[in-house]
Amino acid sequence: MSFTRRSILAGGAAALVSALPVRAERILPATGPRVVVLGGGWGGLTAAKYIRLLDPGIEVVLIERRAAFHSCPISNWVIGHLRTVDEITHSYAALSERHGIRILHTEVEAVDVDAKAIVTADGVVAGDRLILSPGVTFDYTGIDGWSEAAARRFPAAWSPGPETALLRARLAELPAGGRVALTIPPSPYRCPPGPYERISLIAAYLKQHKAGATITVLDANQKIVSKGKIFQAAWDQLYPGIVDYRPDSPLVQVDASTGTVSSDFDDVAADVANVIPSQRASRLLHDAGLVPDGATWAPVDPYGFTSTLSSDIHIVGDATDQTSVGKVPKSGYIANSMGKVAARAAVAALTGNEAPPPSLINTCYSLVSAEEGASVGAVYGYDVETGLLEVRPGSSGVSSQRSAIVALQAWDWARAIWQDMLG
Amino acid sequence: MPAVLALTLAAPGPAVADMSDDGARLAAPCAGCHGTAGRVPEGSVIPGLAGREAAELSGLLAAYRSGERPSEEMGRIARGYDDSEIAALAEWFAAQPPRNEP
Ligand SMILES: Cc1cc2nc3c(=O)[nH]c(=O)nc-3n(C[C@H](O)[C@H](O)[C@H](O)COP(=O)(O)OP(=O)(O)OC[C@H]3O[C@@H](n4cnc5c(N)ncnc54)[C@H](O)[C@@H]3O)c2cc1C
């Protein structure tokens with residue numbers, strides 16, 4: 001299933017090939033054992049850095065389109081005007097300067113599974129093993145009226161990039177008494193509590209700065225997906241009359257000219273609307289045959305996060321299929337934990353050793369207001385019987401109520417884990 | 001980008017990740033909150049773990065696990081580990097230098 005054979009000849013990437021001259025020549029020849037990492041986000045950064053910490057004899061090339069790291073965690077705080085874009089934007093420099101990681105900032109066009117190579121706009125980079133953490137691709141199929149104009153009118157702000165600042169700016173321009181709409185896709189999507197944190201922080205902003213303004217939520221899910229009691233209590237107690245939450249209301253139609261988002265039951269005309277779309281594994285993984293036909297996510301063996309379809313290729317982060325991994329959420333913390341497990345497995349494979357069993361943690365902190373938050377988390381071990389990551393008994397739980405200490409911990413969590421990936 | 005500087009202050013030494021050390025393997029995901037090798041950023045409300053006495057750390061984990069010591073997160077996290085894992089974690093963090101050599 002190589003890029004040349006399948007995509008170019010079969011025309012799968014024909015549009016892309018004609019639009020962007022992909023250079024097929026090999027670049028950056030390896031001088032020793034090498035791992036090529038795709039994606040300078042949560043999973044990829046962690047894997048890249050921990051390989052170098054485990055074995056500096058292994059060369060690591062990291063390929064990422066963005067010149068600086070942009071954090072999705074804390075981006076809701078930016079949208080709610082509690083933090084700035086600068087505070088969630090960090091340099092990649094220490095990874096090359098301190099850890100000797102070679103970083104290539106370019107667009108990845110394809111993954112060549114047979115050649116264990118990443119095909120980029122600047123040429124092809126091959127390695128002995130690949131670690132892929134490309135995140136998610138948005139899926140707008142099934143939404144009537146979706147268009148380029150709709151994409152501009154209804155930004156997602158759900159992946160690293162400029163839409164965070166855009167949504168923040170639009171909220172600032174909202175007239176007093178204005179209406180915000182937000183739509184939530186069916187689970188699984190990245191960051192289960194993320195939409196509800198965003199609703200809370202938008203509501204807090206409206207309460208403080210936009211008298212009479214409201215936020216209407218169309219949620220495709222039957223109920224609040226994560227920390228339901230805590231979010232509902234916060235909306236009732238802190239933002240009465242501001243949050244209008246409608247469960248079981250999948251988005252079916254949009255009208256960019258009027259700013260209207262519709263479920264089967266309601267049309268919501270809004271001054272500012274945020275459509276969080278359905279998600280699936282990055283299209284790079286679909287195109288490379290690393291997601292079975294008809295499936296949405298990439299299946300892996302969670303012992304070392306190798307693809308079940310190619311044993312020299314590791315896949316980590318949000319792109320992985322939870323039915324193959326175990327009941328882990330699509331979170332940055334889990335992507336970071338997965339990156340460490342994949343790093344050990346890759347180093348073990350390259351040095352002829354056996355990889356140790358995985359041990360992972362997740363903790364997701366969410367704010368419900370500028371001052372208070374709640375957390376959810378668990379510890380995961382590998383179960384030889386099921387071949388899955390299982391929650392260690394008793395280790396899974398949610399805060400019983402919102403508290404000020406968790407809001408402080410949330411920021412210090414972000415600082416610590418950013419440093420763990422980038423410092 | 002003022003945060004960039006802060007991110008590069010504490011560099012982990014080579015012992016941060018050791019293939020053969022079970023403590024290192026178990027401790028790796030603790031870094032999410034407690035910082036790489038248990039070294040937290042300046043001013044964190046989450047405590048650092050590097051270089052603290054192993055007996056103190058294992059005692060704290062046991063007290064969180066039993067609920068004797070109340071907490072937001074650490075009760076459930078501590079219940080994820082058995083006695084020998086708690087001992088391995090405590091010994092590993094105790095052996096980490098609390099600050100990096102410049
Ligand atoms: C609003 C929001 C809030 C969140 N809050 C939290 C939180 O509080 N805690 C938490 O744990 N998680 C949180 N998350 C989830 C977290 O952001 C994701 O789980 C995490 O980013 C997944 O990591 P990843 O490596 O799979 O993907 P990403 O972090 O998205 O990394 C993928 C990287 O690959 C790069 N890339 C992709 N395709 C290409 C290409 N073709 N060429 C070049 N580069 C490419 C991208 O630029 C990106 O840098 C939140 C998410 C959102 C949207």
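Counting only protein heavy atoms and a 1.4 Å probe, tell me what percentage of chain A's accessible area is made up of carbon and sulfur.
For chain A, the apolar C and S fraction of the accessible surface comes to 51 percent.
Across the protein chains, with a 1.4 Å probe defining accessible surface, the residues A:116, A:327, A:210, A:223 rank A:327, A:223, A:116, A:210 from largest area downward. Averaged over its residues, segment B:22-94 has an accessible area of 39 Å² per residue, based on protein heavy atoms and a 1.4 Å probe. Excluding residue A:292 itself, calculate the net charge of residues whose Cβ lies under 14 Å from the Cβ of residue A:292, where each Lys or Arg counts +1 and each Asp or Glu counts -1. Cβ neighbours under 14 Å give a net charge of -2. Between residue A:110 and A:119, the built amide H atoms are under 5 Å apart, and every one of these is 5 or more places off in sequence or on another chain.
In segment B:22-94, carbon and sulfur make up what percent of the accessible area (probe 1.4 Å)?
Taking all protein chains in place, segment B:22-94 shows 51 percent carbon and sulfur surface.
A 1.4 Å probe run over the protein chains yields, for chain A, 37 Å² of accessible area per residue, whole-number rounding. Build a GNM of chain A with springs between Cα atoms under 10 Å apart, and of A:325, A:36, A:316 the one that fluctuates most is A:325.
Summing +1 for each Lys or Arg and -1 for each Asp or Glu among the other residues whose beta-carbon sits under 15 angstrom from that of residue B:60 gives -3. Counting Cβ atoms of other protein chains within 10 Å of each residue's Cβ and taking the mean over peptide A:152-164 gives 0. What you get for segment B:22-94, charging only the Cβ of Lys and Arg (+1) and of Asp and Glu (-1), is a dipole of about 140 debye around the Cα centre. In segment A:348-383, burial by the other protein chains removes 40 Å² or more of 1.4 Å probe accessible surface, compared with the chain on its own, from A:359, A:361, A:379.
Measuring between their Cα centroids, segment B:33-68 and segment A:233-299 lie 39 Å from each other. From the Kirkwood radius over Cα pairs of the protein assembly as shown, Stokes-Einstein at 20 °C and 1.002 mPa s returns a whole-number translational diffusion coefficient of 91 µm²/s. From most to least packed by mean Cβ count within 10 Å, the peptides A:226-238, A:67-79, B:42-54 give A:67-79, A:226-238, B:42-54. For segment B:63-89, a drop of 10 Å² or more in accessible area on going from the chain alone to the assembled protein chains (1.4 Å probe) is found at B:72, B:73, B:76, B:77, B:79, B:80, B:81, B:85.
For the protein assembly as shown, the tally of Lys pairs with Cα-Cα distances below 25 Å comes to 15, considering only residues 8 or more apart or on different chains. The Cα center of segment A:177-227 and the Cα center of segment A:304-322 differ in position by 32 Å. GNM remark for chain A: springs join alpha carbons under 10 Å apart, and the peak mean-square fluctuation among A:381, A:142, A:40 falls on A:142. So what does log10 I(q)/I(0) come out to for segment A:141-279 at q = 0.09, 0.10, 0.21 Å⁻¹, using the Debye formula with one equal point on every Cα and no solvent? Per q value, in the given order, log10 I(q)/I(0) is -0.23, -0.29, -1.43. Taking a sphere under 12 Å around the Cβ of residue A:367 and counting the other residues whose Cβ falls inside, with K and R at +1 and D and E at -1, yields a net charge of +1.
Derived scalar couplings between HN and Hα for segment A:409-419 equal 4, 4, 5, 6, 4, 4, 4, 5, 6, 4, 5 Hz in order, rounded to whole Hz, by the Karplus curve 6.51 cos²θ - 1.76 cosθ + 1.60 (θ = phi - 60°), x for Gly and Pro. Residues of segment B:18-37 buried by at least 20 Å² of accessible area upon assembly of all protein chains, compared with the chain on its own (1.4 Å probe): B:19, B:25, B:28, B:29, B:31, B:32, B:33, B:36.
List the accessible area buried at the contact between B and A, summed over both sides and calculated with a 1.4 Å probe, in Å² to the nearest 100.
Working: alone 6780 and 17420 Å², together 20250 Å².
Roughly 3900 Å².
The values are calculated or read from the model by the stated rules, or taken from the named source; none is laboratory data. This structure is a prediction, so every number in the text was calculated from the model and none was measured. FYI the Cβ positions are ideal-geometry reconstructions off the backbone, even for glycines, and counts take in every protein chain you see. In case anyone asks, the SASA skips ligands and DNA or RNA and just uses the protein heavy atoms, side chains included. Shrake-Rupley method; radii C 1.70, N 1.55, O 1.52, S 1.80 Å.
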